[in-house]
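As structure tokens, the structure follows; a few thoughts come after it.
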Amino acid sequence: MNIILPENFTRYIEQEKVVFIEEGILYMKNTYQFKRLMMELAYAIYGNDRCYCCGSHIPRSKATIDHIIPQDYGGPDITNNMIPYCEKCNSRKTNLMPKQHDEYLAISSQEGRRQFAKKCNLENENLRYDKNFSYLCDDENGYWVKQCPINKIKGADKRIDYTNKESKKCKKYEGISHHYSRYNRFQKPLIVDRNMNLLGGYETLRFAKERNRKREKKIETMPVIILENVQVFY
Ligand SMILES: [Zn+2]
């Protein structure tokens with residue numbers, strides 16, 4: 001699939017060009033943080049620093065982003081799924097899907113909204129069992145997620161010690177493991193560039209590799225979003 005890009009976008013670090021767009025391809029240096037870049041791009045696409053929901057000005061220090069499909073259901077960190085929202089609108093939206101959010105905003109009473117959100121959250125539990133994330137799609141790209149052989153994905157080769165239970169990395173890893181055993185699906189698809197270099201989902205891929213090392217029944221394929229118009233350079 002192709003991500004939405006602004007017409008121009010360049011980033012320099014110590015005079016080195018680390019991010020740029022050329023002939024519709026976004027080039028990024030491997031050291032640039034992918035999630036941060038997507039957020040910066042989303043702000044560039046939507047222009048000025050205004051909340052897309054309520055129109056209020058968003059100070060740079062408080063830049064927050066809404067995931068159109070909630071992250072909790074695997075909504076990825078790519079520009080197609082990100083809109084600048086102020087903190088207030090963002091926290092109110094919680095885990096509602098786009099259509100649900102429209103309906104939610106049309107309800108006037110607090111209690112009515114609360115009941116509606118509760119009903120939606122129950123309904124949305126089903127999404128967690130959809131192995132192919134078929135709700136991640138649009139008219140231009142079709143389905144975003146493809147099942148790819150795990151050995152085609154480049155990255156997450158370094159083994160990490162996940163035994164320190166207090167570390168942030170370990171908690172994330174445990175969360176992935178818990179989600180996988182409960183729903184028999186990964187919580188999020190992996191994100192790779194056009195050459196299959198991993199951009200998002202390090203811990204998820206690490207988990208799959210660790211699991212394959214220990215178990216006889218291997219995970220052969222993983223849900224992946226391939227960004228055809230993004231290329232990492234080293
Ligand atoms: Zn707002």
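The values are calculated or read from the model by the stated rules, or taken from the named source; none is laboratory data. On a predicted model such as this, the values are computed, not experimentally measured, just so you know. Positions of Cβ are generated from backbone atoms using ideal geometry, with glycine treated the same way; all protein chains shown enter the neighbour counts.
Has segment 146-163 got any residue that is closer than 28 Å to E228 by Cβ, in a helix (DSSP H, G or I) and touching a strand residue (DSSP E or B) at 6+ places or on another chain (Cβ under 9 Å)?
At the first step, the residues of segment 146-163 found to be closer than 28 Å to E228 by Cβ are 146-158.
Then drop every residue that is not in a helix (DSSP H, G or I), which leaves 150-152.
From what's left, touching a strand residue (DSSP E or B) at 6+ places or on another chain (Cβ under 9 Å): 150, 152.
Looking through segment 146-163, at least one residue is closer than 28 Å to E228 by Cβ, in a helix (DSSP H, G or I) and touching a strand residue (DSSP E or B) at 6+ places or on another chain (Cβ under 9 Å).
Return yes or no: is M196 more than 20 Å from Y73 (Cβ to Cβ) and surrounded by 11 or more Cβ atoms within 10 Å (Cβ to Cβ)? Break it down stepwise before answering.
Details: more than 20 Å from Y73 (Cβ to Cβ): yes; surrounded by 11 or more Cβ atoms within 10 Å (Cβ to Cβ): yes.
Spelling it out, M196 is indeed more than 20 Å from Y73 (Cβ to Cβ) and surrounded by 11 or more Cβ atoms within 10 Å (Cβ to Cβ).
Determine whether E166 is more than 16 Å from the ligand (Cβ to nearest atom), assigned to a helix (DSSP H, G or I) and free of Cβ contacts under 8 Å to residues at least 24 places away in the same chain. Reasoning before the result, please.
Values: more than 16 Å from the ligand (Cβ to nearest atom): yes; assigned to a helix (DSSP H, G or I): no; free of Cβ contacts under 8 Å to residues at least 24 places away in the same chain: yes.
No; evaluated as a whole, the condition is false for this residue.
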Quiz item: For segment 27-60, how many residues meet the condition of being more than 14 Å from the chain's Cα centre (by Cα) and within 16 Å of the ligand (Cβ to nearest atom)?
Solution: 16
Quiz item: In the list S181, S177, S134, which residue meets the criterion of being over 16 Å from A208 (Cβ atoms), free of Cβ contacts under 8 Å to residues at least 40 places away in the same chain and hydroxyl-bearing (S, T, Y)?
Solution: S134
Quiz item: Within the bounds of segment 127-134, is there any residue that is surrounded by 15 or more Cβ atoms within 10 Å (Cβ to Cβ), closer than 30 Å to F233 by Cβ and at pLDDT 95 or above?
Solution: yes
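Within segment 53-72, count every residue that is under 21 Å from W144 (Cβ atoms) and in contact with a strand residue (DSSP E or B) (Cβ under 9 Å, 6 or more places away or on another chain).
Looking only at that region, the number is 4.
For I65, are the conditions met, namely being touching a Phe, Trp or Tyr at 6+ places or on another chain (Cβ under 9 Å), more than 15 Å from the ligand (Cβ to nearest atom) and under 17 Å from Y85 (Cβ atoms)? Even if it seems obvious, please write down each step before you answer.
Numbers: touching a Phe, Trp or Tyr at 6+ places or on another chain (Cβ under 9 Å): yes; more than 15 Å from the ligand (Cβ to nearest atom): no; under 17 Å from Y85 (Cβ atoms): yes.
So I65 does not fit the description; no.
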Quiz item: Would you pick out the residues in segment 124-145 that are of a type in the set (A, V, I, L, M) and in contact with a helix residue (DSSP H, G or I) (Cβ under 7 Å, 6 or more places away or on another chain)?
Solution: L127
Practice problem: Any residue in segment 86-101 that's more than 15 Å from Q71 (Cβ to Cβ) and near the ligand (Cβ under 9 Å from one of its atoms): show its pairings with residues that are outside any loop (DSSP other than H, G, I, E, B) and not hydroxyl-bearing (S, T, Y) at Cβ separation under 8 Å, as long as the two are six or more apart or on different chains. | Solution: C86/K62; E87/K62; C89/D66
Quiz item: Within segment 9-113, which strands (runs of 3 or more DSSP E) (wholly inside it) include 1 or more residues that are loosely packed, with under 14 Cβ neighbours inside 10 Å?
Solution: 10-13, 16-22
Exercise. Can you tell me which residue among R50, R113, R11 is of a type outside the set (S, T, N, Q) and touching a His at 6+ places or on another chain (Cβ under 9 Å)?
Key: R50
Quiz item: Can you tell me which residue in segment 1-55 is modelled with the lowest pLDDT, limited to those that are among the acidic types (D, E) and within 29 Å of K88 (Cα to Cα)?
Solution: D49
